[in-house]
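**Student:** First the structure, then my questions, so here it is.
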Amino acid sequence: MVETQHSSLATQLRADGSLRHLLTLDGLPQPLLSRLLERAQHFSTPASAPAARSTGLAGKTVAVMFAEPSTRTRVSFELAAHRLGADVVNIEVQLSSRLKGESILDTVATLESMQVDAFVLRDADASVPDLVARHVGDRVSVLSGGAGGYSHPTQGLLDALTVRQHKGRIEGLRIAIVGDIRHSRVARSAWQAFAAFGAREIRIVAPAALMPDAKEFAGCLRHGSLESGIADCDVVMMLRIQKERMSAAAIPDEAAYFAEWGLTQQRLRSARGDAIVMHPQPMNRGVEIASDVADGPQSVIRDQVRNGVAVRMAVLEETLGGVHS
Ligand code: NCD
């Protein structure tokens with residue numbers, strides 16, 4: 001049901017093995033993922049300290065084109081590009097000529113004529129970033145800011161970075177991803193990142209209607225109850241119900257969902273005492289997560305947001321070939 005496509009490694013990597021486009025984490029070499037996390041860690045300064053900056057992308061231009069709502073991903077890509085010294089243009093797709101019928105490829109070609117070096121794209125149609133990557137000129141990079149229900153690679157990287165900062169490692173951990181797995185690009189990219197970094201066990205925990213097809217999420221353990229799903233886990237990642245990606249019939253009543261699937265303080269006790277709680281946001285408090293858990297001592301949700309800027313700086317620098325400083 002979720003569109004799957006295979007952005008080949010050849011599309012994403014240059015001949016020298018460096019990253020040119022970032023469309024999916026699926027199949028990316030582990031040393032490249034590690035390099036991106038190391039660099040993101042370098043840019044990840046404490047919340048109380050000034051944000052990291054460099055001039056490595058001075059002279060480059062990044063165009064951010066989102067055709068789906070976004071707060072964190074769009075703003076953090078823009079801040080990341082600014083903090084590396086690049087010029088940034090943000091195209092409101094709702095106000096652009098796409099509304100007059102211009103195709104995405106014509107819009108991109110127009111911006112390429114203005115010497116844009118990278119496009120950051122979000123679209124409900126999962127094939128858009130891949131399509132654009134196959135049509136842009138040789139010196140242009142395409143970065144996915146979320147492709148339908150298929151992938152959200154920078155989110156997967158920021159989730160991996162956040163786990164590593166709090167747990168010191170990903171290897172050997174038990175991780176539960178809980179909620180609307182079926183429609184979630186976040187779950188797909190997080191699973192790929194956690195698997196690449198050697199998580200011991202990745203569980204997908206969801207009611208039957210929100211569980212992905214059996215051929216997806218190879219190697220994950222499937223759980224049909226929250227308590228058993230998070231039992232003894234080191235990491236509990238909660239997800240929003242993706243109403244925009246499902247038919248009305250599949251939407252459970254919110255109060256009933258919270259009663260069975262909402263993460264409360266009491267339910268969180270089944271996880272390890274030192275478990276961290278994650279959520280990509282936007283959160284629906286009182287639906288998938290109780291407010292006191294979202295704001296509680298085990299929550300690392302704000303660190304995920306802060307790390308989003310650091311990861312996007314690392315990805316922009318890697319793809320645009322910035323000078324390391
Ligand atoms: C997510 C997304 O857009 O996929 N948000 C994000 O980028 N942090 C999650 C969601 O919308 O539920």
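A short reminder: the numbers here are calculations on the coordinates, not readings from a lab. All of these numbers come straight from a predicted model, not from anything done at the bench. Every residue, glycine as well, gets a Cβ built from its backbone with ideal geometry; the counts of neighbours run over all protein chains shown.
**Student:** Take the chain, connect every pair of alpha-carbon atoms lying under 10 Å apart with a spring to form a Gaussian network, then pick out the residue of Ala47, Ala206, Ala67 with the largest mean-square fluctuation.
**Tutor:** Its mean-square fluctuation being the largest, the pick is Ala47.
**Student:** Out of His42, His279, His152, any idea which swings most in a Gaussian network model of the chain, alpha carbons joined below 10 Å?
**Tutor:** Taking springs between Cα atoms under 10 Å, the residue moving most is His42.
**Student:** Continuing with this model, one more query. Please state the charge dipole magnitude for the chain, taken about the Cα centre, from unit charges on C-beta atoms (+1 on K and R, -1 on D and E), reported in debye and rounded to the nearest 20.
**Tutor:** Working: 35 positive and 36 negative charges, 116 e Å.
Using only the charged Cβ atoms, the result is roughly 560 debye.
**Student:** Going by alpha carbons, how many degrees (0 to 90, nearest 10) lie between the helix axis of 153-167 and the longest principal axis of the chain?
**Tutor:** Compared with the principal axis, the helix lies near 50 degrees.
**Student:** Also: Suppose we flag GluC sites (Glu not before Pro) only when DSSP calls them loop and at most 16 other Cβ atoms lie within 10 Å. Which is the longest uninterrupted stretch of the chain?
**Tutor:** Details: sites that count: Glu3, Glu102, Glu171.
With GluC sites (Glu not before Pro) excluded where exposed in loops, the chain gives 172-325 as its longest stretch.
**Student:** Note down the relative contact order for the chain as a percent, whole number, built from C-alpha pairs under 8 angstrom at least six residues apart.
**Tutor:** Working: 630 pairs, mean separation 68.7, N = 325.
Normalised by residue count, the contact order of the chain is 21 percent.
**Student:** In whole Å, what is the distance between the alpha-carbon centres of segment 172-195 and segment 198-217?
**Tutor:** That distance is 8 Å.
**Student:** Looking at the chain, what % of the alpha carbon pairs are farther apart than 24 Å? Spell out each step's value before the answer.
**Tutor:** Numbers: 27349 of 52650 pairs.
Percentage above 24 Å: 52.
**Student:** Another question, if that's okay. Determine the percent antiparallel among the DSSP beta bridges restricted to segment 119-205, to the nearest 5.
**Tutor:** Values: 1 of 10 bridges.
Of all bridge pairs located within segment 119-205, approximately 10 percent are antiparallel.
**Student:** Looking at the chain as a GNM with Cα springs under 10 Å, which of Ser44, Ser113, Ser189 has the largest mean-square fluctuation?
**Tutor:** In the Gaussian network model the winner is Ser113.
**Student:** Please determine, in degrees from 0 to 90 and to the nearest 10, the orientation of helix 30-43 with respect to the longest principal axis defined by the Cα atoms of the chain, where the helix direction is its Cα long axis.
**Tutor:** Helix 30-43 sits at roughly 90 degrees to that axis.
**Student:** Say the dipole of segment 26-97 comes from +1 at the beta carbon of Lys and Arg and -1 at that of Asp and Glu; which of His82, Thr71, Val93 then lies farthest toward its positive end?
**Tutor:** His82
**Student:** Taking only Cα atoms, what is the 0 to 90° angle, nearest 10, from helix 104-113's long axis to the longest principal axis of the chain?
**Tutor:** 50 degrees
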